[in-house]
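Colleague: Here you go, one structure.
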Amino acid sequence: MLGSVKQLRIHPAWWAAAVTFLALVGAAGFRAVPGVLMDPLHQEFGWSVSTISAAVAVNMALYGLTSPFAAALMERFGIRKVVTAALLVVSAGSGLTVFMTASWQLILCWGVLVGLGTGSMALALVATVTGRWFVKRRGLVSGVLTAGGAAGQLVFLPLIAWVATTYGWRPAALGVAFAALAVAPFVVWLLRDSPADVGALSYGGTEADVVVPVRVGAGRIAIRGLVEAARARPFWYLAAGMMICGATTMGLIQPHFIPAAHDHGMPVTMAASLLAVVGLCDIAGTIASGWLTDRIDPRLLLLAYYVLRGLSLVALPVLFGPHVQPSMLVFIVFYGLDWVATIPPTMALCREIFGASAPVVFGWVFASHQIGAALMALAAGVVRDQLHSYDAAWYAGGALCVLAGGLSLLVTRGRARISVPGH
């Protein structure tokens, strides 16, 4: 059986990666909605930026905190079942927003349902798929999949902004619900839990590289993974760096760039198009980061990514205006290339330090990413309401990025002595 599979022109690992990419992009659509719909929701319901940002913060926090448990659930029930259920929850959360009349319903739909659904397909899914299906090209594939999830959020923006401007915010939310729902059949049809399900080995792997899923104690695995990883100092450096990464991308730029640009007279559709360019550049940047991760010390990559990001944020306030200037385009292209370029080297360090436990441990590292995003999303909204400007938020983000670069150099390489159940 193995021989027949090896004769195939396309290794089944690439099909698994392709379907995972599609699922990540399909789930990403709703995560693009908050920045576009802040103004329409404020105008219709009178909710403040802080109130809407609170819903975004709940979403981002659950998105991250669900991730390590999702990795454990994938061990227990299989990747396909978890991803399919997650897509259905995202679709329900997006669709139900059209019936909301109070801010608590916004928090329930945007925050809780979509946060749980997208969190179940967060980067723990990338770590699980690359860990099971790939030995060679892991860095490259993790970069491609990460880019799919992150870029999908931003590439949807112009379409969502156009629909919201032309037809209202409800059709935009329903469109995203149908997009997530449409991906589910492809996951059921094509995504398999491991190479053994199709009689194959992982790409570039041998029998010694086979990862046996742990079918019991999903919750115990997730909690024990955190407890054990917390004993290793590199975990805290990686988690702190990723917290700042989340704060300065999903927490700051993603929900607040469009309102900030609109404050300076830029049309919402134009600002949304700029974020879409960020998404397109992110694809190239993250794939390149994955390629570089296979060749360069990941810690040096993280230092460069964080420090350069910080410098660009400090420069951002003077770039805003009613029209797009060349300097703003330079910022957009750079920020896109750097958007989640931090993920492949961080994931590589987790694999190197935590071994077979890396998917669960990375789930907790990514949880810190989303906690940072949630805190910054809320904080930036409060800054805007109180100071009538986002400038202080941009400067704070820049300073945090420089700190993250320094923390990256403190990570020591080599296997940590931890023991997670099942591994």
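Rule-based calculations on the coordinates, nothing more; no lab input. For clarity, every value in this text was computed on a predicted model and none was experimentally measured. Quick reminder, even Gly has a Cβ in these numbers, built from the backbone with ideal geometry, and neighbours come from all protein chains shown.
Colleague: Compute the separation of the alpha-carbon centres of region 46-117 and region 266-341 and state it in Å as a whole number.
Modeller: 26
Colleague: Specify the angular offset, from 0 to 90 degrees and rounded to the nearest 10, of the alpha carbon long axis of helix 169-190 from the longest principal axis of the alpha carbons in the chain.
Modeller: 10
Colleague: Grab the DSSP H runs of the chain that are 4 residues or longer, score each as -39,500 (n - 2.57), total them, divide by all residues and round the 222 nm result to the nearest 500 deg cm²/dmol. Let's see the in-between values first.
Modeller: Working: 20 runs with 311 residues, N = 423.
So the calculated ellipticity at 222 nm is -24000 deg cm²/dmol.
Colleague: Still on this structure: Which of the listed residues, I332, C281, V163, is farthest toward the dipole's positive end in the chain, when Lys, Arg count +1 and Asp, Glu count -1 at the beta-carbon?
Modeller: Sorting the options by dipole projection puts first C281.
Colleague: Per-residue counts of other Cβ atoms within 10 Å, averaged by peptide: what ranking do you get for 282-290, 321-329, 239-247, highest first?
Modeller: On the way: 282-290: 24.0, 321-329: 12.7, 239-247: 26.9.
Put in order of decreasing packing, that is 239-247, 282-290, 321-329.
Colleague: Once both labels are modelled 7 Å past Cα along the beta-carbon direction, what's the L280-V227 spacing in nm?
Modeller: 5.0
Colleague: Could I ask something else about it? Please compute the modelled spin-label separation between W15 and F186, points set 7 Å along Cα→Cβ, answer in nm with one decimal.
Modeller: Between F186 and W15, the simple spin-label model gives 1.5 nm.
Colleague: Oh, and also: Report the one residue of V307, I223, W110 whose Cα lies farthest in the direction of the positive end of the charge dipole of the chain (charges on C-beta: Lys and Arg +1, Asp and Glu -1; origin at the Cα centre).
Modeller: I223
Colleague: Give the peptides 179-188, 135-144 in descending order of average Cβ contacts within 10 Å, highest first.
Modeller: Values: 179-188: 18.7, 135-144: 22.5.
For the peptides 179-188, 135-144, the packing ranking is 135-144, 179-188.
Colleague: Highest mean first, how do 64-74, 98-108, 402-412 rank when packing is the count of other Cβ atoms within 10 Å averaged over residues? List each step's numbers first, then the result.
Modeller: Numbers: 64-74: 26.9, 98-108: 14.9, 402-412: 18.0.
Those peptides, ordered most packed to least, come out 64-74, 402-412, 98-108.
Colleague: Further question on the same structure: To the nearest 10 degrees, how steep is helix 253-263 against the longest Cα principal axis of the chain, on a 0 to 90 scale?
Modeller: 10
Colleague: Now for a different question. What residue among G199, V19, L409 has its Cα farthest toward the positive end of the dipole of the chain, where the charges are +1 on Lys, Arg and -1 on Asp, Glu, each on the Cβ?
Modeller: G199
Colleague: Rounded to two decimals, what is the ratio between the C-alpha radius of gyration of region 214-292 and 2.2 N^0.38 Å?
Modeller: Details: Rg = 18.7 Å, N = 79, 2.2 N^0.38 = 11.6 Å.
That ratio works out to 1.61.
Colleague: What are the equivalent ellipsoid semi-axes of the chain, built from the alpha-carbon gyration tensor (square roots of five times its eigenvalues), in whole angstrom, biggest first? Could you put the intermediate results ahead of the total?
Modeller: Values: eigenvalues 225, 115, 75 Å².
For the chain, the semi-axes come out at 34, 24, 19 Å.
Colleague: What are the radius of gyration and Dmax of region 40-111, computed over its Cα atoms and given in Å?
Modeller: Reported Rg and Dmax, both Å: 14.6, 45.
Colleague: Rounding to the nearest 20 debye, state how big the charge dipole of the chain is about its Cα centre with +1 on each Lys and Arg Cβ and -1 on each Asp and Glu Cβ.
Modeller: Dipole magnitude for the chain comes out near 1280 debye.
Colleague: Let me ask something else about it. Percent relative contact order of the chain, based on C-alpha pairs within less than 8 angstrom and at least six residues apart? Don't skip to the end; give the middle numbers.
Modeller: Numbers: 810 pairs, mean separation 116.2, N = 423.
In percent, rounded to a whole number, it is 27.
Colleague: Hand me the trypsin sites (Lys or Arg not before Pro) from region 278-326 located in a DSSP loop with no more than 11 other Cβ atoms within 10 Å, in residue order please.
Modeller: On the way: sites: R295, R299, R309; in loops: R295.
Answer by residue number: R295.
Colleague: Hey, got the dipole for region 287-388? About the Cα centre, +1 on K and R Cβ, -1 on D and E Cβ, debye to the nearest 20?
Modeller: Details: 5 positive and 5 negative charges, 6 e Å.
Once rounded to the nearest 20, the dipole reads 20 debye.
Colleague: Relative to the longest principal axis of the C-alpha atoms of the chain, give the angle of the C-alpha long axis of helix 12-28, reported between 0 and 90° and rounded to the nearest 10°.
Modeller: 20
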